[in-house]
Structures are given as structure tokens and as C-alpha cells.
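Asks: Have a look at the structure that comes next, please.
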Amino acid sequence: MNFFPLLLSLAISIALVSAFSPADHHLIDCGTTASTVLDHDHRPFTGDGSSSTLSSTKSLSLKNSNPDPNLSPIYHTARVFTKPSHYKFKIQEKGTHLVRIHFYKFDFMNIGTTCHDQFHVSANGYVLLHNYSVSKGNPRIKDFLITVDEDKLVIRFIPVDQTSFAFVNAIEVISAPKDLIDNFKYVSFDHNMRYAYESVYRVSVGGVKVTPFNDSLWRNWVPDDEFLKLVDGSVESYKKIHFDGRINYRVGGASREVGPDNMYNSARLIFGVNDSVPEVNMTWVFPVKKGFSYIVRLHFCDIASISIGLIYFNVYINGNLVYENLDLSTLTNYMLASPFYADFVVDSEKFSDVIRVDIGPSKSSMPHAVDGMLNGVEIWKMSNSMSSLDGEVCVGQLESKSQSGGQMSRLLSLTAAVCLLAIAFLVMRRKAEAKGLAGWSRVPVDVSEIDLKSSYPKSAGVSV
């Protein structure tokens, strides 16, 4: 397994800063001409039927005849495509953008009994979804981060074949805060590549669900219960904690957009009992798809200690010690309730289909003190060398599978051929990497090597 440390960053902000105001903020309610204002956060969505963003040769606007009153109104309508179609968004400020796509499948009338939803989604050369389908039930929200170097962002919906259709309920395109993924620019397996990212997990540890109303980027954070792995006796050694005080975002670091108060004000912790340090780890297990690399972001905020300098613990990813004797007091300039986060890249070559995070006491842990703490976990999938987040397939192949005939077919066939060459290169590169990387991995540098002013390690890491 290969771990590549990113910058270890202080999650801090200026408390008096005004609300986040992105340069690009497109909110589209699909399948309607009317504007929709969400009840929970009062954001106005524009109907795609009255917007210039939609370009479709054949589509249907559908309305749910029996909508669930508990669901957001953006899920009451849908746009259905039977031919490849796209939305084009004008971009005022180039850079990383959050692309959030909403799917909710209700009874689609007038589609035909032989048709089914199966489709691809791409954006500016990245494959976001491949052979995707949506089962009935709760809405699905797909969050992506995409670098846009042009003055437009084009999101394409492509039915798999003549008997399938694509659909979408709502789309958000928002300029990402620069400090949200500032560390990601240091991730590079290939310096000539630009990566896209998909948010796979966003977890509030020890807390309740955080809704878009309580997050300045309108994100959902789910509780950690389903990912927590319990062992006999461990429940007595660690517990949930909630903090009613103020989270101390500090001047000079990241903004609240990195992590909301309602995530940082809860945690799970290991606490020493009976005048001893417990020999137990807290463990979370996250299933992931093999064949991709992942960024793991761990959020910490000491909301439990009664004084500074009392909390030390170790951090492990998939059994590898990635941070030894983590000292939150030093990392936050000796301020309690001040957030800190650390990013790690997990290479896809040598890990199973899960990512495991462990927090446990270290040699410096003390009795009657906090011996381990975690407030939040985020996991992003990184696009592969095909610029895909869903399979070893490139955009040209998606188009060639759904189109046929004439000059377009020949052009797309040529594009697909280029993709096949890229696949061959990928396979050969992986074989070479497997030989070169076997038997070693990278772990983060020691805490003492961190430059707190610039918030990054002075060394890229050490080989073991």
C-alpha cells in the first residue's frame, strides 16, 4: 500500500468574514420552467425550461403526479433525455468548481415500458458516471470537483443505447473556495494530468446528520455509526461528545467552507480509565471501489480537553501508522476547540476494497486525559489516467457507444481508438509501477517538521 502525504493544514477561518459568495453559482431545477426556492436554505433554482443552459435535441420534462411532501421540490420534476444532450454553463472565474447532480426516480410516464434508465455523464472531458442507473427510493446526490480552464462547463447526459434514457432532477455548479482543496494541487502521480474528484464519504464523527442548511457549501454530512467497527469492551473506553461552545477558527488558515461548526462540535474520543491508558483503537471501515486512488481527509478539533498539552494519539490508515503522537495543541498554536485537518492519498495498487481508519493511544498518551479523538472523515475518489471517475473508459468511448452513422461515427471511432491506446499505456504503466513500488510505502513526516505558518511539511515524506 502506498501513502502519499499532502499538506497538513489548519482548518481555521476569520470569524467575522461574510458568508461564502462564489463567483459562479448556477442552480438549475430540471424539467420545469418555473423557479423553485428551497424551504430549508432558501436558495433559488432556475427552471431549465426557461434557462439558456439546456441544449437537447430530444427531451421530456416530467412532473411527479404524487410527490413526497417530505422531499425537496427539486425532486418533484425531472428532465429525461432519449438522445445525448447537455447543459452549458458560463464560467466567470476559472478554477475548481463543485458540480452537484441530483437524481430521484419517480414514476416516469410517457417513456415506454421497454425503456430503462442507463446512461453516462461527462463534464469537460471527464467521465463522471458510466452505465449509471438509479433505483427507486431516496434521492441520490453526486458531488464532484472539476478544474475548469475554459469559459464554459459542459455537462453531457448520454443514454447507453436506443432502449435507454438519461435523466436528472437538478444541477448545481459552484465555484469552489480556494482553500477547500488547496492541498490537492500537490497530488500528482503524473505531472501532465489534471484530476477530477468525486466525494465518496462525508462523515460527522460522533454527531448527527449535518444538513445543507448548516453548511456554507450546502453539503450533507452523515453520522458515523454505520462505519464504526466495535470490538468487545471498546464501548467503555470511548464515547461521543458534543461541544456547545464556539469553534475557534483562527486567522490565517482555511475557511469555514473546509468544515462547518456542526461537524467540528462533535467527536468520538478515547478516554483513559482506572489510572491507565486504554489499549484500544477506534476503527472506521469504508468500502471503496478498487482501481482508483483516494484522498482521505481527517478532521480534528479538541473540544474535550480541559487544558492544552494533554492530548496525544496515533493515526493509522489501513494498518499503517501515518501520524505518530499527534499533538493538537502544537498544531493549533495552543488553542482549544480550534480545527485542524490532515490529508493523505491512498494509492490504488496495493489495497483491498476498504479504507480503514484507526485512532489510538500513543506512547505519549496519559491517564485521565483524552487519548484519541476524531471529528470528521472525508474520502474523495481521484480520476484515473483515462480522466474517468467510473471505470477505465474515456469520454470518446461514451459517445461512440451511443452514436452511429456517417462522419460523426468515424470521428468518434477515431477518438475511441485514442482512448484504447491510453488504456494500453495505463496497463503497461501499472505493471511497471507494481515492480517499482513493491515493498515500500510513504508515510507523513514527523510533526516536528511541519511549518505552522505555511501549514505544510518541509519534506514530502520518508520511505519505509
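Asks: If you add up the charges near His42, with Lys and Arg at +1 and Asp and Glu at -1, over every other residue whose beta carbon is less than 15 angstrom from its beta carbon, what do you get?
Replies: Its environment carries a net charge of -4.
Asks: Residue by residue through region 306-315, which ³J(HN,Hα) values in whole Hz follow from phi under the Karplus form 6.51 cos²θ - 1.76 cosθ + 1.60 (θ = phi - 60°), with glycine and proline marked x?
Replies: Karplus-based 3J(HN,Hα) across region 306-315 equals 8, 7, 6, x, 10, 10, 9, 7, 9, 10 Hz.
Asks: Could you give the size of the charge dipole of region 67-211 about its Cα centre, using +1 on the Cβ of each K and R and -1 on the Cβ of each D and E, expressed in debye and rounded to the nearest 20?
Replies: Around 160 debye, computed over region 67-211.
Asks: Can you list residues whose amide H is under 5 Å from Ile355's amide H, if they're 5+ apart or on another chain and H is modeled 1.01 Å from N?
Replies: Amide H neighbours of Ile355: Phe286, Val288.
Asks: Using square roots of five times the C-alpha gyration tensor eigenvalues, list the equivalent-ellipsoid semi-axes of region 126-196 in whole Å, biggest first.
Replies: Result for region 126-196: semi-axes of 28, 16, 13 Å.
Asks: Given a cut-off of under 8 Å on Cα pairs at least six residues apart, what relative contact order in percent is computed for region 45-181?
Replies: It rounds to 34 percent for region 45-181.
Asks: Quick one: 3J(HN,Hα) in Hz for region 391-398, Karplus 6.51/-1.76/1.60 with θ = phi - 60°, rounded, Gly and Pro as x.
Replies: For region 391-398, the Karplus-derived couplings read x, 8, 8, 10, 4, x, 5, 4 Hz, x marking Gly and Pro.
Asks: Continuing with this model, one more query. For region 372-382, just list the computed ³J(HN,Hα) in residue order, Karplus coefficients 6.51, -1.76 and 1.60, θ = phi - 60°, integers in Hz, with x standing in for Gly and Pro.
Replies: x, 7, 8, 9, x, 9, 10, 10, 10, 8, 9
Asks: Check Asp302: other-chain or 5+ apart residues with amide H under 5 Å from its amide H, H built from backbone geometry?
Replies: Amide H to amide H, under 5 Å and 5 or more residues apart or across chains, Asp302 pairs with Ala337, Ser338.
Asks: Amide H neighbours of Arg250 under 5 Å, counting only residues 5+ apart in sequence or on other chains, H built in-plane at 1.01 Å?
Replies: Under 5 Å from the amide H of Arg250: Ile12, Ser13.
Asks: Please say if region 240-338 is rounded, prolate or oblate, where rounded means a/c under 1.5 for a ≥ b ≥ c the square roots of the C-alpha gyration tensor eigenvalues, and otherwise the choice is prolate for a/b larger than b/c and oblate otherwise?
Replies: The shape class here is oblate.
Asks: With contacts defined as alpha carbon pairs under 8 Å and 6 or more residues apart, what's the relative contact order of region 141-220 in percent?
Replies: 38 percent
Each reported figure results from applying straightforward, stated rules to the coordinates on display, with no laboratory input. Note that the structure is predicted; figures quoted are calculated from it, not measured. Cβ coordinates were reconstructed from backbone atoms using ideal geometry, including for glycine residues, and neighbour counts include every protein chain displayed.
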